[in-house]
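See structure below.
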Amino acid sequence: MLSIFRKEINSFFSSLIGYIVIGVFLVLMGLVMWVFPDYSVLDGGYANLNTLFSISPLIFLFLIPAVTMRTLAEEQQSGTIELLVTRPISDWQIVGGKFLACLVLVAFALLPTLLYFVTVYRLGAPVGNLDSGGILGSYIGLLFLAAAFVAIGVFASSLTNNQIVAFVLATFLCFFFLLAFDFLSRLPVFFGKTDDVVQGIGIQYHYDSMSRGVLDSRDLIYFVSLIALFLAATVLSLGKRKW
Amino acid sequence: MSVKVTHLSKLFATQRAVDDVSFEAHQGEVLGFLGPNGAGKTTTMKIITGYLPASSGQAEVCGFDVALHPMEARRRVGYLPEHNPLYRDMYVREYLTFTAGVHGVPQAAKRVAAMIELTGLGSHRHKHINELSKGYRQRVGLAQAMLHDPEVLILDEPTSGLDPNQIVEIRQLIKDIGREKTVILSTHILGEVEAVCDRAIIINRGKLVADATIEELKRQFSGQSVVTVEFAEAGDQKRLAAIPNVLSVKGLDKNRWQLHAAVDHDVRPDIFAFAVANKLTLLELHKETYSVEDVFQQLTK
């Protein structure tokens, strides 16, 4: 698994993919955080990072599928998958290595945003007047959200040998899990307790809950199961030649 | 027994790609896998490497059933798939190092360097795989297949698309490896089988139609001997057919003929006598032995 992880990371950074993903994310985030007047922290009047945590999922919605789309689709297209699955490693190791590599790339993109935290911390009046616990919770939530998106993306990539199909499918699935359940729960057919259940299937609900700085085991279990579900589906889909 | 295949069958939807095939390959042997396109060569190889599951029957590598002990079997197999898939955006050495890592090869750097040396990739080791010519890519494919020192090598059309010089080099390489390991190589170039293989298996429409050494195959199918003869003067088919022991006559060019005779009798002295008796000038007299081509054509008709 380590070999695959290392190879994927190398391929991100020996091609432009890695730098573009990190660059695009930071430029977009920087613009929204500090320049665009409607969202800018400087104009907001409050020392918080809400903008970062509400905009990041939307950027990830496009950026993560772009990172993951080639992981398995390209291997299937070029036929290298045949060599990979006949080597003495399990399909779980292949999928796991690719999943972790993409996740680490996304984490690299998030890392510099810690500077924003420091900036806002210094700008607060008085200095340090900031909900650090909430921000820590939000970062953990954002990482879990990214991990879920990566798992969805890798799964979409395993379904096809066309990278564009993988990208579109992954974006759709990520959008669906992030927001669609939230919206669907407002349909009048879901009333009483059922609308909570429908909302709870979506990512947004759990992400918001983690953003409050409370690490609820239910949210953790939700994210871990969602990730495990999509990774298992990926392994299953990789084995489709055997059906 | 390095590779043992017993009653192997593979069904794709309704088509029988491989139909009750059984054979064995031994250590120190290069086994040729012959058959027309779509005969089931590649499918059989994919089953032995564990890429595809068999519909029924078994494939064993060094005593390990590929379906029941996949990891043990995979560790012992080096595989070069049909179109030699490679990561084109990687460097030669980077790719081989990655492969060594996946296999958990001890002292990977040393082993990679040795493989680069063996396959003659030395001057190209810092190149992108993308930049390599087809022949050199094929060498990378062979290098990755042999990297973990497997006991069994499965090569699916290893020389396809190479120029004649490269073909000779790759064949020599395979032959050298075949002295110690078990090599199964598929091809539809018949000359390759004669040049490289100790034994050949011919399959047609999924069924095994021959399993023998090259000599046995030739002997088995040379029921007749064929003699080509050319005279300076025009000959007469009927008179040629009247030569003792000649079974049939076929005209090739104007004054060239192909005579078929019983295999146990050398008809050449009779032809010479015929030429002398009829005052014909003999320009060519040549006895042909059956080639693998003929055997192949007869078996896969």
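Data table
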| quantity | calculated |
| --- | --- |
| Base-10 log of normalised Debye intensity for chain B (one unit scatterer per alpha-carbon) at q = 0.07, 0.08, 0.09, 0.12 Å⁻¹ | -0.37, -0.47, -0.56, -0.82 |
| Helix axis angle, A:2-14 relative to chain A longest principal axis, alpha carbon, degrees | 70 |
| Shielding by partners, peptide A:87-99 (average Cβ within 10 angstrom, other chains) | 3 |
| √(5λ) per eigenvalue of the Cα gyration tensor, the stretch B:112-205, largest first, Å | 23, 16, 11 |
| Radius of gyration, Dmax [the stretch A:117-232; alpha carbons; angstrom] | 17.0, 55 |
| Relative contact order [Cα under 8 Å, 6+ residues apart], the stretch A:1-138, whole percent | 38 |
| For chain A: relative contact order, % (alpha-carbon pairs under 8 angstrom, 6 or more apart) | 25 |
| Gyration tensor over alpha-carbon atoms, chain A, equivalent ellipsoid semi-axes in Å | 33, 23, 15 |
| Gaussian network model of chain B, Cα within-10 Å springs - most flexible of B:G57, B:G78, B:G206 | B:G57 |
| Percentage relative contact order, the stretch B:32-76, counting C-alpha pairs under 8 Å, at least six apart | 25 |
| In degrees, nearest ten, helix A:163-175 long axis to first principal axis of chain A (Cα) | 40 |
| Per-pair calculated FRET efficiency, R0 = 56 Å: B:E233 and B:E72 via Cβ, rounded to 0.05 | 0.20 |
| Sites A:S14 and B:R179, calculated FRET efficiency, Cβ-Cβ separation with R0 25 Å, nearest 0.05 | 0.05 |
| Other protein chain Cβ atoms within 10 Å, averaged over every residue that makes up B:42-54 | 2 |
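Where a number appears in this text, it was derived from the coordinates with a stated rule and is not lab data. As the structure is a computational prediction, the values presented were derived from the model and not from experiment. In this analysis, Cβ positions are derived from the backbone assuming ideal geometry, glycine residues included, and neighbour counts consider all displayed protein chains.
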